[in-house]
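> Once you've had a glance at the structure underneath, I'll fire off some questions.
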Amino acid sequence: MNLIQKAKLTSYELVVKESKNSPKAMALIPAFAIGIKELESINAQIEEAAIQQIKDIGGVTTNKDTRMDDLNDLLEDVSGAIHEYAIKKKDAALATKVNYNENKISKMSRTDLISASGAVVEEAGKIAPEDLLIQGISTEELKDFEDAYLAYKAVSTDPREAKIEHSGYTKQIANLFVEATNLKKKRLDRLATQFKRKDPDFYQKYQAASIIFYRRSSKKSTDNSAATDTKS
């Protein structure tokens, strides 16, 4: 698993734990309780697949994980800034080229991440530094992004990357996360709003458990559609 996936799993497991520790709340909405059991099952499948993935590929290096996490963060920030710049300029073509949010980036393969980052680096080079600065991206941050892109591209030439990319367990884990995310957003989050009236204390715990912490800069995002989510 990559760092983002690990953070999401931690959140999903906490959601299950808080729910199981609140049987009275679960009794109020049986359909919610059923969904929690399904999420618990998916979590277990992810854990097992992750163990097998490590055996299958011999372990993913910390160096590779760190570089990918750095690039994910910077790609999201820089592409977001350029996207905002394009919207203000009414440049729909450019906005489409750099439309990479957290959700899209987290699902990217190694090849797609490199390709997307390269495209954003190229488009950033066409924009005046002062215009990027208005959108919050300094010259130093853009240089960090370019360096992260080149560093990840270099480390990803390791022959083991092909094995990691095509690992059956890697694909299985990605599919399980899609299943878990859909279950939580489309079913659990929608039902959870009832707890605002029926059990406010549990609702607060559920909301807190839904927060996903993964950024090296200590930023946080939420996977809970019932809360304000600017990263959807």
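> For segment 121-135, take each phi angle, set θ = phi - 60°, evaluate the Karplus expression 6.51 cos²θ - 1.76 cosθ + 1.60, and give the result in whole Hz per residue in order, putting x for glycine and proline.
Couplings: 4, 5, 5, 4, x, 8, 9, 4, x, 5, 6, 5, 5, 4, 8 Hz.
> Using per-residue counts of other Cβ atoms within 10 Å, averaged over each peptide, order 1-11, 101-111, 130-140 from highest down.
Top to bottom by mean Cβ count within 10 Å: 1-11, 101-111, 130-140.
> Let me ask something additional. Say R0 is 35 Å: what FRET efficiency, to the nearest 0.05, do residue 151 and residue 41 get from their beta-carbon distance?
According to the calculation, E is roughly 0.35.
> How long is the gain from residue 213 to residue 52 if the chain were fully straight, where each residue apart is worth 0.36 nm and the alpha carbon distance is subtracted?
Additional length available on full extension: 55.5 nm.
> Give me the distance in nm between label points sitting 7 Å out from Cα along the Cα-to-Cβ direction at residue 103 and residue 28, one decimal.
Taking the simple label geometry, residue 103 and residue 28 are separated by 2.8 nm.
> In addition: Just to verify a number: FRET efficiency for residue 17 and residue 197, C-beta to C-beta distance, R0 = 22 Å, to 0.05?
Given R0 = 22 Å and the Cβ-Cβ separation, E is 0.40.
> Moving to a separate point now. Magnitude of the Cβ-charge dipole of segment 102-145, K/R +1 and D/E -1, about the Cα centre, nearest 20 debye?
280
> Moving to a separate point now. What are the ³J(HN,Hα) couplings of segment 20-27, residue after residue, when phi is run through the Karplus curve with 6.51, -1.76, 1.60 and θ = phi - 60°? Round to Hz, x for glycine and proline.
The phi angles translate into 5, 7, 10, x, 5, 5, 4, 5 Hz.
> Under the Karplus relation 6.51 cos²θ - 1.76 cosθ + 1.60, θ = phi - 60°, what is the ordered set of whole-Hz ³J(HN,Hα) values for segment 169-178, x standing for Gly and Pro?
3J(HN,Hα) across segment 169-178, in whole Hz: 6, 4, 5, 4, 4, 4, 5, 5, 5, 4.
Throughout, read-outs are computed from the coordinates displayed, never taken from laboratory work. Just so we're clear, the structure is a prediction, and the values are computed from it rather than from any experiment. Reconstructed Cβ throughout: ideal geometry from the backbone, glycine too, with neighbour counts over all protein chains shown.
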